[in-house]
Amino acid sequence: MILNRNYYAKFSFFSAWWNSRQMKKLTGEKIFKSFKLHKTEWPYKLYFYSPRLKRRPRFVGTSEQLSNWKEAILCETLCPTHAIKVTAEAFHIDDRGCITCGLCVEFAPPGLMEMSADSSVIHQS
Amino acid sequence: MFNWKEFEKSKNVLSMVGDAFYHEENGQHHVHIRPKNLINWIEMIRDDLGYLTLVDLVAVDRSKFPSKYPYGLELVYHFLNMGNHQRLNIHLHFNEDEVVPRINSFYPHADWMEREQAEMLRIQFDSPVAGLILPQGQSQFPLRKSARIGNWNLEVPPEKPHIRINPNKSEAPYPEESHVWKKFDVFSAETMGNFDWMVCFDPASVIDSKVRIGLHHQGFEKLLESRSWIQVLQLVDKINLGSAPTYATAWARTLEDTYRIKIPERAQALRIVMLELARIAEHLTVLAEVTLAAQKDEFRFFIDAREKIYELFEKYCGHRQGLGLISIGGMRDDLPYGWIIEYQAVNEILLKTLKTIHHSLIGQRHFRAHLEGAYVDAQTVLQWGVSGPTMRAAGLNFDLRKSQPFYFYQDIDFDIPVGIYGTSYDRYLIRLEEIFQSLRIVTQVIDNLPLGEVSHSDFGQVLSEGKVPESVSGWHFSSLESSNGEAGFFHLPSPDFSPYRVKIKTPGFSLAQAVPYFMKGLSENQLRSSLASLGIRRWEIDR
Ligand code: SF4
């Protein structure tokens, strides 16, 4: 498909005036409503985020599972950004490194990890 | 379109030639040779067989398993024949002390590729190669298997301060008084943070320029070698954040092609939808950059329209740019309820507003004057191995969605816009037209969305049982049409489920190389809009 040749032609003064008028309509209230920018809404109204981003991975297993070396260390090896550190006492997730990819939750044995509703990933005002 | 009859024909031709070992895999030709035969082969395939494009070049250090592989190094040249859609890999096996001939006299765009591989892996070419990406005085070779990351000794030779006697008098080869070199660095608006750019003006228009890259290099390919296949899938999104699902799909498709995994129909359809939405988002970004560079207020509407696409991604997967959508063997999740209605609303808004913005823009003489230059003809495009909208604007009708259709692309009705003059204005028009074509594709797919599951567990079985099919011997290259050109992955698997060597083929690398040849004859205020219309992304140049 070759491009429309009319686009290469010169525009008459009238059509240029007509198009600029159409453009002004677009900036006016009527159609601009469909372009709601959350940039403009942001400080007053929170934008809707889907559950995945709102959540972050959290360790929900027992201390026995933590001391079981094979299960807990799996999460550490799975994480692509090395955000997880597992020791015998604690299970630490670094928020700055986590990209919320969800691999640790998806592939860990059941009952070990969970995507919690703790929304500290986004700092709400 | 690719067909097997043509494949058999060229297979017969290629396997007849002596001095080489031939085999075929996954619909691509593979030829194994030694350095002394290289020039003969290159001449033959370029002049007689019509392989006009060197898509990518990758070197690998094979010294990890010396018993399996007698030679220390391997260079793979990947060629594309646009006439009959054949892909040919030439594998060059050599030891460390052997000298490899350069092929940049046959394929000019091999220049940067050879320089990059030479400094990453210490390959001895028959003529001296200058460094490209790494800092000067570098004595390490990061992509060697023995190289460690960190604690490098930088032996930078002390530089003499360069004092210009007459600041207006410029250096050779443009020594006249009237020729002025100007420098646009990474922080300037002209280069948009991509590279350092030295431009020579005769004082009004550009006659030559030099590009210096490597300012964003972070060893991404080395990083991926230490990650498993699934982790790589999460990390490759970062190469082009504006259209994240593109590279994730390319990576997933590389693995699925290698291990012959068939993904369910619904996942294929959803991948097409996400690829096209990513293409729309990226095109809108470029259009906004072009419009902003031409000092028009309309750029805000392109950004707003892109925001609508990002909202769709966000409702699907939670991330604005569509990160982590893809899983190997299908998609992560099914579509949420109500997503299709949301899409239809967005479709309507885009169709209604984009036409109005476009007509208002091209009616303005000032805008057209900004985009008039940067004339690119088809020969230059082929010479510099450029693909995507830049190639199509020069009048070449080639699109991987048509020529090597994957998933459902052969069943969908859509057109490939082709430009007439090859200016930045053509590139602008093509990007705008492709947005409408992409909307057409998505609407068709969503109208006929197949039912069923969205992912197979096949790949999980391959991983857990440690079963890798015997037919998989090594290299595979697969690519798809991203918004700025051909994007894909060269992959050599290793037995521990991580890549032994992965090379990312990005359109931005060849575009950045061709910038000095595309930008001749422009005036200074056209530079920014012309560069923006190429769509170069910084992570694509320095992987
Ligand atoms: S969600 Fe991903 S990045 Fe975050 S801790 Fe889990 S594996 Fe690591």
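The values are calculated or read from the model by the stated rules, or taken from the named source; none is laboratory data. Model, not experiment: these values are computed from the prediction. For neighbour counting, all protein chains shown are included, and Cβ atoms are generated from backbone atoms with ideal geometry for every residue, glycine included. The area values use the complete protein model at the heavy-atom level, side chains included, leaving out ligands, DNA and RNA. Shrake-Rupley method; radii C 1.70, N 1.55, O 1.52, S 1.80 Å.
Is there a residue in the range B:232-239 that is away from chain A (no Cβ under 13 Å) and either surrounded by 17 or more Cβ atoms within 10 Å (Cβ to Cβ) or among the aromatic types (Phe, Trp, Tyr) (or both)?
Yes, some residue in the range B:232-239 is away from chain A (no Cβ under 13 Å) and either surrounded by 17 or more Cβ atoms within 10 Å (Cβ to Cβ) or among the aromatic types (Phe, Trp, Tyr) (or both).
Okay, residues lined up against (1) over 19 Å from the mean Cα position of the chain (by Cα); (2) open to solvent by 30 Å² or more (accessible area, probe 1.4 Å):
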position: B:Gln86; (1), (2): no, no
position: B:Val100; (1), (2): yes, no
position: B:Ser105; (1), (2): yes, yes
position: B:His109; (1), (2): no, no
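So which residues in the range B:64-84 are in contact (Cβ under 8 Å) with a residue 40 or more places away in the chain and in contact with an Asp or Glu (Cβ under 7 Å, 6 or more places away or on another chain)?
B:Leu73, B:His78, B:Asn84
Among the residues of the range B:449-469, is there at least one that is of a type in the set (A, V, I, L, M), modelled with pLDDT of 90 or more and open to solvent by 10 Å² or more (accessible area, probe 1.4 Å)?
Scanning the range B:449-469, I find at least one residue that is of a type in the set (A, V, I, L, M), modelled with pLDDT of 90 or more and open to solvent by 10 Å² or more (accessible area, probe 1.4 Å), so the answer is yes.
Got at least one residue in the range B:427-446 being within 13 Å of chain A (Cβ to nearest Cβ) and open to solvent by 50 Å² or more (accessible area, probe 1.4 Å)?
Yes.
Going through the range A:76-115 one residue at a time, which ones are within 7 Å of the ligand (Cβ to nearest atom) and in a helix (DSSP H, G or I)?
A:Leu78, A:Leu103, A:Cys104, A:Val105
Check the range B:117-135 and report whether any residue there is of a type in the set (Gly, Ala, Ser) and modelled with pLDDT under 80.
no
Can you spot a residue in the range B:264-274 that is touching a helix residue (DSSP H, G or I) at 6+ places or on another chain (Cβ under 9 Å) and either open to solvent by 10 Å² or more (accessible area, probe 1.4 Å) or facing chain A (nearest Cβ under 10 Å) (or both)?
No - not one qualifying residue is present in the range B:264-274.
Consider B:Tyr77 against the criteria (1) open to solvent by 20 Å² or more (accessible area, probe 1.4 Å); (2) in contact with a strand residue (DSSP E or B) (Cβ under 7 Å, 6 or more places away or on another chain): it satisfies all of them except one. Which criterion is unmet?
Of everything listed in (1) open to solvent by 20 Å² or more (accessible area, probe 1.4 Å); (2) in contact with a strand residue (DSSP E or B) (Cβ under 7 Å, 6 or more places away or on another chain), B:Tyr77 misses just condition (1).
Does the range B:25-51 hold any residues that are open to solvent by 40 Å² or more (accessible area, probe 1.4 Å) and either out of contact with any Phe, Trp or Tyr (no Cβ under 8 Å at 6 or more places or on another chain) or hydroxyl-bearing (Ser, Thr, Tyr) (or both), and which are they?
Matches in the range B:25-51: B:Asn26, B:Lys36, B:Ile39, B:Asn40, B:Met44, B:Asp47, B:Asp48, B:Leu49.
Against the definition (under 20 Å from the mean Cα position of the chain (by Cα) and of a type in the set (A, V, I, L, M)), how does B:Met82 come out, yes or no? Write out each step before concluding.
Details: under 20 Å from the mean Cα position of the chain (by Cα): yes; of a type in the set (A, V, I, L, M): yes.
Yes: the conditions hold for B:Met82.
Would you pick out the residues in the range B:383-399 that are within 18 Å of B:Gly535 (Cα to Cα) and either among the basic types (Lys, Arg) or assigned to a helix (DSSP H, G or I) (or both)?
B:Pro389, B:Thr390, B:Met391, B:Arg392, B:Ala393
Among the residues of the range B:297-322, how many are within 9 Å of chain A (Cβ to nearest Cβ), open to solvent by 40 Å² or more (accessible area, probe 1.4 Å) and modelled with pLDDT of 85 or more?
Residues flagged as within 9 Å of chain A (Cβ to nearest Cβ), open to solvent by 40 Å² or more (accessible area, probe 1.4 Å) and modelled with pLDDT of 85 or more within the range B:297-322 amount to 1.
What residue, among those in the range A:55-72 that are within 13 Å of the ligand (Cβ to nearest atom) and open to solvent by 40 Å² or more (accessible area, probe 1.4 Å), is modelled with the lowest pLDDT?
If we take residues in the range A:55-72 being within 13 Å of the ligand (Cβ to nearest atom) and open to solvent by 40 Å² or more (accessible area, probe 1.4 Å), then A:Arg55 is modelled with the lowest pLDDT.
When you scan the range A:6-22, do you find a residue that is in a helix (DSSP H, G or I), open to solvent by less than 100 Å² (accessible area, probe 1.4 Å), at pLDDT below 65 and hydrophobic (A, V, I, L, M, F, W, C), even just one? Working first, answer last.
First pass over the range A:6-22, keeping only residues in a helix (DSSP H, G or I): A:6-8, A:13-22.
Narrowing further to those that are open to solvent by less than 100 Å² (accessible area, probe 1.4 Å): A:7-8, A:15-16, A:19-20, A:22.
Okay, now just the ones that are also at pLDDT below 65, so none.
No, that holds for no residue.
Given (1) open to solvent by 20 Å² or more (accessible area, probe 1.4 Å); (2) more than 10 Å from every other protein chain (Cβ to nearest Cβ); (3) more than 19 Å from B:Ser529 (Cβ to Cβ); (4) touching a helix residue (DSSP H, G or I) at 6+ places or on another chain (Cβ under 7 Å), identify the lone condition not met by B:Tyr409.
(1)
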